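Here's the structure, in structure tokens; my notes come after.
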Amino acid sequence: MQQKTSEHIESLMVCEKAIRRQFEISNKEFAEGSQGDFDPLLEEQHEVVPGMINKYGNRALCLLTAECASYCRFCTRRRLVSDIERGRMDSDDVDVWVQYLRDHPEIREVIFSGGDPFVAGDELFEYALTEVSALSSVKVIRIGTRAPVADPVLINDRKLEAISQVSQPVYIGIHFEHPSEITRPTKRAVKRLIGAGAILFSQTVFLKDVNDNFHTLRDLFNGLVEIGVRPYYIYRCDPIPGATHFRVELEKERRIMTQLRRNLSGLACPTYVIDVPNGSGKIPVPLEFWDTDTSSYTDFEGQKHETQ
Ligand code: SF4
């Protein structure tokens, strides 16, 4: 994955090491070779039509573009992200998604992701939202993005208008890693999304030397609640080739999460999960309040995994 950073991220990189570490290519990426799995969540295996992944039956994921405003070096989709040719979608692809959704009325929730849907052209974004939300079987729309952090100007009038026209609730999951990402332009973008009627939540990944300590995450989650973004998930970093140097020891993560649970209001405390390597779901990790053996866990399908 090439290096790409927006002007906004570059301005944050100047004085914040935690931001540089997320976006700057490091030698460690190459030193790791191909250790890990390029598609740990088995998304390619569940791609039912180009750009649409149906893993869970009642939810479908639509990858609107492979581009992002800035590329995170720990990205779970780094096999695809930045592959602009392969990830380029157009209105014909959206038509195919809509047909698939018509044929599968059991799909109630559609998640637009990528890449970053806010990097897609306004016309395509608008078309996808309009066409998908016109289906009465679709009850919830979700959008996954890092644009309010990575390049807040991408939250523009036309996309906001498209969101405000959707009759279903639109839940927007924003990826945040560090409290210094809550800048004035980001707060403005968040406010505008709320103004368009979106319900906001956050997603975070535990990252070594970025946010693997109590104070950083406490400030991040408190800061998010204060701007109207509900902390939702914090993930254990997936073992992606080139990104394993970002992984934190499990026991350290559990210790931090236990301390956060003790100190934060329930509203500010996200659920700490492992994304199962076979793509079968997100399993909550028990905190230190329980005497538990965390060396293995069982996924939604009853399969046992050694904790990685
Ligand atoms: S914004 Fe999301 S999809 Fe894009 S590089 Fe970062 S983690 Fe990956």
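Please treat every number below as a calculation from the coordinates, not as lab data. Everything numeric in this text was worked out from a predicted model, so none of it was measured. Quick reminder, even Gly has a Cβ in these numbers, built from the backbone with ideal geometry, and neighbours come from all protein chains shown.
Points to keep in mind about this one:
- Distance in nm between pseudo-label sites at residue 278 and residue 208 (7 Å out along the Cβ direction from Cα): 2.8 nm
- Computed from the C-beta positions of residue 92 and residue 164 and an R0 of 30 Å, the FRET efficiency is 0.70 to the nearest 0.05.
- Put in line by how crowded their Cβ is, counting other Cβ atoms within 10 Å and starting with the fewest, 113, 91 read 91, 113.
- For residue 55, a cut-off of 28 angstrom between C-alpha atoms picks up these lysines, skipping any fewer than 8 places away in its own chain: 139, 159, 282, 304.
- Placing +1 on the Cβ of every Lys and Arg and -1 on the Cβ of every Asp and Glu, with no other charges, gives segment 7-306 a dipole of roughly 1100 debye about its Cα centre.
- Estimated from the Cβ-Cβ distance and a Förster radius of 30 angstrom, the FRET efficiency linking residue 305 and residue 99 is about 0.25.
- Ranking of 236, 146, 262 by count of other Cβ atoms within 10 Å, fewest first: 262, 236, 146
- Cα-projected label distance for residue 188 with residue 294, points at 7 Å along beta-carbon direction, nm: 4.1 nm
- Sorting 64, 250 by the number of Cβ atoms found within 10 Å of their own Cβ, with the fewest placed first, yields 250, 64.
- Inter-centroid distance (Cα atoms) of segment 182-247 relative to segment 60-109, Å: 22 Å
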